[in-house]
Amino acid sequence: MTRRPLFNTSILQEAASTLPSQKVLVQSQDTAVGTALASMQYLHLSAVIVTATGRENSPIIGIFTERDVLHRVIDQYGDLSLLPLNDVMTPDPIVGTQDSTLAWLLHCMSHKGMRHIPIVDENRHPLYVITVRDIMELLVESFPPDAIQ
């Protein structure tokens, strides 16, 4: 018995630039974790891109996500206003470009346990962040109507 695909798999070859994406929150490696968390909460974002200068026109050196909070911060540090992002961020994260395919992004997320992939320009300056949720929403939207019943 041949299985009928639920959706057109050619969507997996689409570029990252076709996805709606999270705006990028950029902070410096010296920013206090408490400050970063307050910014994340206020902006409803799940990640901070870390650059040496805290500006978008600077190369990415790390990423700090909600998972870093759970695995590296909670119950391990006291005063978060004194703890710099540099001490708990994921350094030198895997990044994509606007031309990275959804298949590649999903592969990285699945095999490397990532939920966020920063998209950068040719100088590694952060442009935006793609989340696993962004990709899942696009895939679900591509299902034919009868597949969701």
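No lab work stands behind these numbers, since they all come straight from the coordinates. On a predicted model such as this, the values are computed, not experimentally measured, just so you know. Neighbour counts run over all protein chains shown; Cβ positions are idealised from the backbone, glycine included.
Put simply, the amide H of GLY62, placed in the peptide plane, has neighbours under 5 Å in VAL50, ASP92, leaving out anything fewer than 5 places away on its chain.
Across region 115-124, coupling constants 3J(HN,Hα) worked out from phi with the 6.51/-1.76/1.60 Karplus curve, θ = phi - 60°, read 10, 9, 10, x, 9, 10, 8, 5, 9, 6 Hz, and Gly and Pro carry x. Sorted fewest first by neighbouring Cβ atoms within 10 angstrom, THR101, THR65, THR18 come out as THR18, THR101, THR65.
Quick check for me: using +1 on Lys/Arg Cβ and -1 on Asp/Glu Cβ, what's the dipole size of region 13-143 about its Cα centre, in debye to the nearest 20? Please report the intermediate quantities before stating the final value.
On the way: 8 positive and 15 negative charges, 20 e Å.
Roughly 100 debye for region 13-143.
Here the 3J(HN,Hα) profile of region 128-136, calculated from phi with Karplus coefficients 6.51, -1.76 and 1.60 at θ = phi - 60°, is 6, 10, 9, 10, 4, 5, 4, 5, 4 Hz, Gly and Pro shown as x. Remark on VAL120: its backbone amide H falls under 5 Å from those of GLY96, THR97, GLN98, LEU127, a criterion applied only to residues 5 or more positions apart or on other chains, H modelled at 1.01 Å from N. Counting only DSSP beta bridges with both residues in the chain, the antiparallel share comes to about 80 percent.
For region 39-50, putting each phi into the Karplus relation 6.51 cos²θ - 1.76 cosθ + 1.60 with θ = phi - 60° gives couplings of 5, 4, 5, 4, 8, 6, 10, 9, 8, 10, 8, 10 Hz, in residue order, rounded to whole numbers and with x for Gly and Pro.
By average Cβ neighbour count within 10 Å, what is the ranking of 86-99, 47-60 from highest down? Numbers along the way, then the final one.
On the way: 86-99: 15.9, 47-60: 18.9.
Sorting 86-99, 47-60 by mean packing, highest first, produces 47-60, 86-99.
Enter the angle in degrees (range 0 to 90, nearest 10) between the Cα long axis of helix 102-112 and the first principal axis of the Cα atoms of the chain, meaning the one along which they spread out most. Once rounded, one gets 60 degrees. Report note on the peptides 132-139, 115-122, 78-85: ranked by the mean count of other C-beta atoms within 10 Å, highest first, their order is 115-122, 132-139, 78-85. Model label points for HIS111 and ASP99, set 7 angstrom from Cα along the Cα-to-Cβ axis, are 2.1 nm apart. Placing unit charges on the Cβ atoms of the charged side chains and taking the dipole of the chain about its Cα centre, the candidate lying farthest along the positive direction among ALA103, LEU82, VAL69 is ALA103. Report summary: the helix-based calculation at 222 nm, which adds -39500 (n - 2.57) for every DSSP H run with n ≥ 4 and divides by the residues of the chain, gives -6500 deg cm²/dmol.
Order by neighbour count: ASP146, ASP30, fewest other Cβ atoms within 10 Å first, most last. Could you put the intermediate results ahead of the total?
Numbers: ASP146 7, ASP30 12.
Fewest-to-most ranking of ASP146, ASP30: ASP146, ASP30.
Largest GNM mean-square fluctuation among SER28, SER110, SER100, using the chain with Cα springs under 10 Å: SER110.
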